[in-house]
Amino acid sequence: MGFFSSWLFKSGLSFAPEDGKGTASSAYGGLGMALGNNGFNVIGALFLSQFRLGFIVFGIFTFAGVLIATLIVHEPSNLDETSTKKKEKFSLKNVKLIFPSWQIGATTT
């Protein structure tokens, strides 16, 4: 979920007015992260003995969050755009670049 929340945070700040970006960032970091990381752990602990009910409540929270995020973020459609980039061919050398080489004294570039 972290990859989605970082994208939502970044795109959400781009919609904030210039003089309100600091307030929006503080509200997200101070309220959102504190409540999300700590508050929902406490709520989750309440369902340790009733895990099925906990999954149902988690599903309701997730569904409501998706609806809210969908209503807040209004991205314009890009279906009419054309790409000028050439598509790279797949090779096994490109897959090797994903994994770092582990050598003593080697520097990475």
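The values are calculated or read from the model by the stated rules, or taken from the named source; none is laboratory data. Just so it is clear, the model here is predicted, and its values are computed rather than measured. Here Cβ is always computed from backbone atoms with ideal geometry, including for glycine, and neighbour counts include all displayed protein chains. Each accessible area value is taken on the protein alone, full model and side chains, heavy atoms only, with ligands, DNA and RNA left out. Shrake-Rupley method; radii C 1.70, N 1.55, O 1.52, S 1.80 Å.
Things worth noting here:
- Those residues of segment 24-49 which are modelled with pLDDT of 80 or more, surrounded by 11 or more Cβ atoms within 10 Å (Cβ to Cβ) and farther than 17 Å from G65 by Cβ, in sequence order: L46, F47
- For segment 58-83, a residue qualifies if it is assigned to a helix (DSSP H, G or I) and either of a type in the set (A, V, I, L, M) or at positive phi (or both), and the qualifying residues are I60, A64, V66, L67, I68, A69, L71, I72.
- Residue list for segment 69-80, restricted to those being of a type in the set (A, V, I, L, M, F, W, C) and open to solvent by less than 100 Å² (accessible area, probe 1.4 Å): A69, V73
- If you go through segment 84-99 and pick out every residue that is open to solvent by less than 100 Å² (accessible area, probe 1.4 Å), of a type outside the set (V, I, T) and part of a helix (DSSP H, G or I), you end up with 1.
- Looking only at segment 1-23, and only at residues there that are farther than 27 Å from F58 by Cβ and polar (S, T, N, Q), the one that is modelled with the highest pLDDT: T23
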